[in-house]
Amino acid sequence: MFRLESFAVFESQSNKWILETLSKHGSVILLPEIILEKTEAFFKPMNVKAFDWILLPDTIVTEVFVEKLQNDNFDLFELDSVQICAFGEAVASLLRYYQIHSDIISTSHDHNKIFQAIADYANHQLQDLRFLALKENDSYEPLVETLQKKEAKVTEVSLCEIKIEDRKNLVRLKALIKGGGVDAFVFASPNEVAALRVLFHESLESLLANIQVFAVDDLTFQTLRENDLRPRYFEVLLLK
């Protein structure tokens with residue numbers, strides 16, 4: 001018997017089994033399916049070797065970045081000449097899949113902690129270092145401003161945009177989440193974690209402060225922890 005009665009989950013073909021399972025135990029609030037579009041920058045030349053550092057904030061941006069490099073016939077092994085900062089284990093794991101190294105793997109998405117890790121790695125010699133900060137369109141990364149204050153040269157490039165078909169529905173969903181209309185949120189992938197943060201323009205710690213959070217797999221669990229949440233495994237929810 002579930003004590004939790006309302007559940008939020010992203011709508012997608014791969015999440016149908018989650019939806020069907022939860023529907024047996026309570027009401028399910030569907031978040032619109034994630035729609036990913038490439039920006040103009042994706043199709044333009046990019047000289048990644050002109051930078052000292054590449055900042056990869058999440059798995060969505062990382063996947064699109066690798067796709068771009070492959071489309072440009074760029075040899076991924078040439079990235080060995082650039083320092084790479086992976087924001088979290090999920091990003092680092094994806095990079096390892098493509099045999100790309102990570103010089104820094106942050107254990108938190110807190111920009112101050114990431115900055116400190118980069119500063120320590122560079123012996124606090126950040127002036128004139130060239131950073132390529134990759135991102136989704138309409139997303140904000142406070143680390144950029146922090147680096148610029150230390151006179152680092154930061155170039156921001158938006159490679160993709162996360163879209164949904166019904167913005168009004170998104171506003172209603174946020175009101176439900178904030179107003180206590182959702183008891184639990186089930187995440188099935190690191191991409192969903194990144195998409196929620198970008199779509200709502202708010203830290204997940206604040207957005208989901210009063211909601212129980214569940215992860216379907218280990219990598220998603222770790223990603224939620226890196227966003228300062230206290231996730232539980234979906235299997236635990238099913239046993240209730």
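Tabulated results
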{"item": "Degrees between helix 111-121 axis and first principal axis of the chain (Cα, 0 to 90, nearest 10)", "result": "30"}
{"item": "Span from the segment 70-115 Cα centroid across to the segment 188-202 one, whole angstrom", "result": "19"}
{"item": "The chain, dipole about Cα centre (Lys/Arg Cβ +1, Asp/Glu Cβ -1), debye to the nearest 20", "result": "680"}
{"item": "Distance in nm between pseudo-label sites at residue 165 and residue 149 (7 Å out along the Cβ direction from Cα)", "result": "4.4"}
{"item": "Debye, to nearest 20: dipole size of segment 9-88, +1 on Lys, Arg Cβ, -1 on Asp, Glu Cβ", "result": "240"}
{"item": "Cα long-axis angle, helix 167-178 against the chain (0 to 90 degrees, to the nearest 10)", "result": "70"}
{"item": "Residue with peak Gaussian network fluctuation, the chain [Cα springs, cutoff 10 Å], from 108, 158, 23", "result": "23"}
{"item": "Under 12 Å, Cβ to Cβ, from residue 115 - net charge with Lys/Arg +1 and Asp/Glu -1", "result": "-1"}
{"item": "Residue (of 47, 115, 222) at the positive-pole extreme of the chain, dipole from beta-carbon charges", "result": "222"}
{"item": "Value of D in µm² per second that Stokes-Einstein yields for the chain, Kirkwood Rh from Cα pairs, at 10 °C (1.306 mPa s)", "result": "84"}
{"item": "14 Å beta-carbon shell around residue 14, net charge (K/R +1, D/E -1)", "result": "-4"}
{"item": "Degrees, to the nearest 10: 59-71 long Cα axis against longest axis of the chain", "result": "50"}
{"item": "Farthest positive-ward along segment 64-210 dipole, Cα basis, beta-carbon charges - from 97, 144, 66", "result": "144"}
{"item": "Top positive-direction residue, dipole computed over segment 149-214 with Cβ charges, set 181, 203, 191", "result": "203"}
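Since every read-out is calculated from the coordinates, none of them should be taken as a lab result. Predicted, not measured: the structure shown is a model, and the values here were computed from it. As a convention, Cβ positions derive from the backbone with ideal geometry for all residues, glycine included, and neighbour counts pool all protein chains shown.
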